[in-house]
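Everything on this sheet refers to the single structure shown next.
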Amino acid sequence: MSTIIKSEIRNRQRRVSLKADQKPPKASLAESGSEMVWDLLSKIPDPEIPVITISDLGVLRDVRLENEKVIVTITPTYSGCPAMKAIESDILFTLKENGFDAQVKTVYSPAWTTDWMSEEAKEKLREYGISPPIRNQKPPKASLAESGSETRNITCPRCNSSNSELISQFGSTACKALYRCKDCKEPFDYFKCH
Ligand SMILES: [Zn+2]
């Protein structure tokens, strides 16, 4: 092995060990900081559906550190969703408790869609007794799209039967519709797609 290669290897080893011992440079400090904040915030449950978190839902969009201040970006699930105020104050409270000065920014565009919800979140919804949103399929008929009603068969979260009927467009909250399973006869909420 040539001495040049040997010294190159030594140099590399030195660089690696330096990297491990040294404090991370500013940029990555900000990065790891915002990751830490993200981890903190991603545990905040949705006020209406406590089994899923705001990051599961896709409401938590971004965390940035700006001059010692944490800037959190959220996108509401439904405009005028009353839960958003609660989410905002939960975020501020959690960060304050952990010694952060924070600000919450609400961004409406791009608009939240049920596609932002993680598969894990949909599974948790089902276990909780709420039928998760079904990805918007192209409406079979124009009239269906116009009426805006979701006439597709929604699966019952209890018995998995798709033999269900719509009872009301509004369930326990505006973002859910009330269905009833014709097999197990139980009513259930369906998280509406949009
Ligand atoms: Zn059922």
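Miscellaneous remarks
- Protection-proxy order for peptides 64-71, 46-53, each taking the mean of Cβ atoms within 10 Å per residue, highest first: 46-53, 64-71
- Using the Cβ-Cβ distance between Glu35 and Glu127 with R0 set to 35 Å, the FRET efficiency from 1/(1 + (r/R0)^6) comes to roughly 0.80.
- Going from the residue with the fewest nearby Cβ atoms within 10 Å to the one with the most, Tyr190, Tyr108, Tyr78 rank Tyr108, Tyr78, Tyr190.
Readers should treat all values here as calculations from the given coordinates under stated rules, not as data from a laboratory. Since we're looking at a predicted model, the values are computed, not measured. Ideal geometry is used to build each Cβ from the backbone, glycine not excepted, and the neighbour counts take in all protein chains shown.
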